[in-house]
Amino acid sequence: MLYEEARVYLDHVSKYGSVLGLESIKGLLRELGNPQNKLTFIHIAGTNGKGSILACLSCILKEAGYKTGRYISPTVMDYRERFQIDGEYIGKEEFAGITCKVKAASDRMIRAGKTPPTVFEIETAIAFCYFAENRCDVVVMEAGLGGLLDATNVVENTKVCIFSSISMDHMGVIGNTLEEIAENKAGIIKDGAAVVSAPQVQEVQKILEDTAEKCGCRYHVSSPKDAVVIESSAEGQIFSYGEFGTLTLSLAGKHQIENAVTALEAVRVLQKEGFSISPEAVKTGLSRVEWPGRFMIIGKNPLIIADGAHNADAARRLAENVRNYLGGKKITAVAGIFKDKEYQKIVEIMAPYLSRAYTVELPDKNRTLGKEELKAEFERQGVLAETAEEIQDAVKKAAEHTKSEDAVLVFGSLSYLGEVISYVQGKEGKKW
């Protein structure tokens, strides 16, 4: 099997959708010899900020000398971004080889009359095989959807469970209330593991604390209020935090300080668990964090920023960054949003900062909100809006209509930012 053939196979499986539950992934991993049992995990759940915490912590662990696997979704720049060791994507040949092995295991299940694994279950199995075959010291991974019944929750050797900010998202799938969503995400907590959480609203914190207590886990809450911001711009931040001293972070925004501090709280826990993580590893690791699509400057004439704000909470954080870093600028938006997201709230939150919007449809045609419907939503909020046939066309029009002192903001979903980033960076230094 070649890389391209592996991708075709996964695209074919993805057509059958997703099913929450652990029976199928357990069966698939048994067929593969349970590679996950050879690994140690740091498991991250939450609504917004999971990936930033993962990026911070995995960079620090790498600098501390630990062979660190990363399993993330969704991706922005490349499909293989899902599977990384020490920040390097899985090789195409190795990916194809492991996919072939996992496909054979899936085929055996199907012939035996068992439920076929979903594409995310197959990808999760690929990740575990990859990390086990390469003998990773630790794997830092995000839950895909929720926590309790997510395929990643099949693991048992969890050293630390981390929770980023939890808010309303995926309603009707993992819960209809904040409490139900929190209970679902709390499902990643394993007996005896340490639990680290970003500050949560009271009802969420109680659920996490109660679950941790039932599982005999130590519960730690990070303290972003103790971080002292020394310098902050759209390019990144310098801050100090307790014994870690002065730290540099390339990610912009108050919420990224919260994410970094949550990762640092996990470092404290890991140090107590016997991990050797020096102050130098913390400083160097944090300074090297890259996390594409999070208030990311991708062009400078005019200023073009890409942000995967895909729900109301993320939109509020984006709006805060706009107030802090883009004050006084006229902002033209390019927006594409999934129809199963809180698109009315996202538009309502962002509308006061926008002078014009170009609406697009996302590559996933089954989930995308129609560009005409999104255009109408912006117009209802008083924003002049126009549809674009193609994503690149929308970016081109936005850049052409934006003065050099103003800005273009691309937001709404991570799913199309890779295309936007590649297009804009390819235009750098050229006239729009």
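The values are calculated or read from the model by the stated rules, or taken from the named source; none is laboratory data. Given the structure is predicted, the values throughout are model-derived calculations rather than measurements. Backbone-built Cβ (ideal geometry, glycine too); neighbour counts: all protein chains shown.
Here are some notes:
- Matching entry among Gly236, Gly285, Gly242 (being farther than 17 Å from Ala64 by Cβ and surrounded by 14 or more Cβ atoms within 10 Å (Cβ to Cβ)): Gly236
- Residue under evaluation Ala314, criteria (1) farther than 21 Å from His255 by Cβ; (2) crowded, with 24+ Cβ neighbours inside 10 Å; (3) not β-branched (Val, Ile, Thr), criterion not met: (1)
- Qualifying residue in segment 2-16 (condition: touching a strand residue (DSSP E or B) at 6+ places or on another chain (Cβ under 7 Å) and either of a type in the set (Ser, Thr, Tyr) or loosely packed, with under 15 Cβ neighbours inside 10 Å (or both)): no
- Here Val228, Val261, Val195, Val204 are screened, and the one residue that is in contact with a Ser or Thr (Cβ under 7 Å, 6 or more places away or on another chain) and either surrounded by 17 or more Cβ atoms within 10 Å (Cβ to Cβ) or among the charged types (D, E, K, R) (or both) is Val261.
- Screening segment 213-309 for strands (runs of 3 or more DSSP E) wholly inside it with 3 or more residues that are closer than 30 Å to Lys339 by Cα and of a type outside the set (Val, Ile, Thr) returns the ranges 303-307.
- Boolean, Glu123 is surrounded by 19 or more Cβ atoms within 10 Å (Cβ to Cβ) and either part of a loop (DSSP other than H, G, I, E, B) or out of contact with any Cys (no Cβ under 6 Å at 6 or more places or on another chain) (or both): yes
- Within segment 371-387, the set of residues being among the aliphatic types (A, V, I, L, M) and more than 27 Å from the chain's Cα centre (by Cα) comprises Ala376, Val383, Leu384, Ala385.
- Against the test of being surrounded by fewer than 19 Cβ atoms within 10 Å (Cβ to Cβ) and touching an Asp or Glu at 6+ places or on another chain (Cβ under 6 Å), the options Glu179, Glu156 yield a single qualifying residue, Glu179.
- Any hit, segment 101-119, residues being under 20 Å from Leu414 (Cα atoms) and surrounded by fewer than 23 Cβ atoms within 10 Å (Cβ to Cβ): yes
- Meets criteria (surrounded by fewer than 21 Cβ atoms within 10 Å (Cβ to Cβ), out of contact with any Gly (no Cβ under 8 Å at 6 or more places or on another chain) and not polar (S, T, N, Q)) for Gly49: no
- Lone unmet requirement of (1) free of Cβ contacts under 8 Å to residues at least 60 places away in the same chain; (2) touching a Gly at 6+ places or on another chain (Cβ under 8 Å) for Gly308: (1)
- Pair list, Cβ < 8 Å and 6+ apart or interchain, from segment 76-92 residues that are under 17 Å from Val420 (Cβ atoms) to residues that are surrounded by 14 or more Cβ atoms within 10 Å (Cβ to Cβ) and among the aromatic types (Phe, Trp, Tyr): Asp78/Tyr89; Glu81/Tyr89
- Positions within segment 310-345 being touching an Asp or Glu at 6+ places or on another chain (Cβ under 8 Å), part of a loop (DSSP other than H, G, I, E, B) and of a type in the set (Gly, Ala, Ser), in sequence order: Gly336
Matching residues to (1) closer than 17 Å to Arg7 by Cβ; (2) assigned to a helix (DSSP H, G or I); (3) in contact (Cβ under 8 Å) with a residue 24 or more places away in the chain; (4) not assigned by TED's automatic domain parsing to the domain that holds Gly65:
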| residue | (1), (2), (3), (4) |
| --- | --- |
| Ala96 | yes, yes, yes, no |
| Phe131 | no, yes, yes, no |
| Val139 | no, no, yes, no |
| Thr152 | no, yes, yes, no |
